[in-house]
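Accompanying notes for the structure given below.
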Amino acid sequence: MKLYASNRSPFVRKVLVCAHELGLADRIELVPKVVSFLNADEEVGRHNPLGQLPTLIRDDGTSLYDSGVICDFLNQQVAGATLFPDQPAARIEMGQRQAAADGLLANFMRWYGERRRADHPLTPQYVAICRGKLQRVGDAWEAAAPAWRGRPLDIGFIAIGCALAYADFRFAAENWRQGRPQLADWYTELSSRPSFLATEFGGG
Ligand SMILES: N[C@@H](CCC(=O)N[C@@H](CS)C(=O)NCC(=O)O)C(=O)O
């Protein structure tokens, strides 16, 4: 399998954490790419009409996206794997956590993209909207975190871990740990797993 990837992408990191957890990391050849909303990559676009990372090329040449679908596919490659629970209520609850994490990451992508634009300044109103989403999601996770302790790892928890890691990587000044001790403790434990340590963000 080949994965169009960037070591700065939190969505790619979700896939790589899953691959490490499932023992599949050495079956995935990484193809480094730099893409952004304003700078498409023609090769990635041939395999994914959205032109986004991550995009997986399976051994039969067919492609898969987005990160959640790729993770589901990887989970299916390993007999007995449980990153996507089968039980319907557990799957919905897990999906809700993944959706919140992916939504927060999409918010970070917009925020970071706007922050880097040279042609116009980031308005206080824009920052307030982005920051509000971070604060509300962070508060919801702080309330939920005590019940997460000791739960089996799944894609929802991996996605939350990648979102918090990205907050540290690109938005350290937002200090998401402030006032959220339960979430901070939970994340410290999660992020010390070998799968997270092996997939640290890199580059600028
Ligand atoms: N929903 C997608 C989001 C992927 C995404 O936003 N990837 C970013 C890189 S972190 C990207 O490719 N941005 C370029 C673009 O949106 O055109 C997923 O879960 O994979």
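Rule-based calculations on the coordinates, nothing more; no lab input. It should be emphasised that the depicted structure is a prediction, and the values quoted were computed from it without experimental measurement. Don't worry about glycine lacking a Cβ; one is built from the backbone with ideal geometry, like all the others, and counts go over all protein chains shown.
Extension gain for V127-S63 works out to 19.5 nm (0.36 nm per residue, less the C-alpha to C-alpha distance).
Sequentially through the range 95-105, phi angles give Karplus couplings (6.51, -1.76, 1.60; θ = phi - 60°) of x, 5, 5, 5, 5, 5, 5, 5, x, 5, 5 Hz, Gly and Pro residues having no value and appearing as x. As a ratio to 2.2 N^0.38 Å, the alpha-carbon radius of gyration computed for the range 88-194 takes the value 1.12. Start at zero, step by 5 Å, and the Cα-Cα distances of the chain spread as 1, 7, 15, 20, 20, 17, 12, 6, 2, 0, 0 percent across the bins.
Above 16 Å, the calculated P(r) of the range 2-76 contains 41 percent of its Cα-Cα pairs. Annotation: amide H of L30 within the under-5 Å range of L3, sequence separation 5 or more or interchain, hydrogens built in the peptide plane. Please give the FRET efficiency for E200 paired with V78, using the beta carbon to beta carbon distance and R0 = 30 Å, rounded to the nearest 0.05. That gives a FRET efficiency of 0.80.
Estimated at 0.36 nm per residue, the fully extended path between L153 and A40 surpasses their Cα-Cα distance by 37.3 nm.
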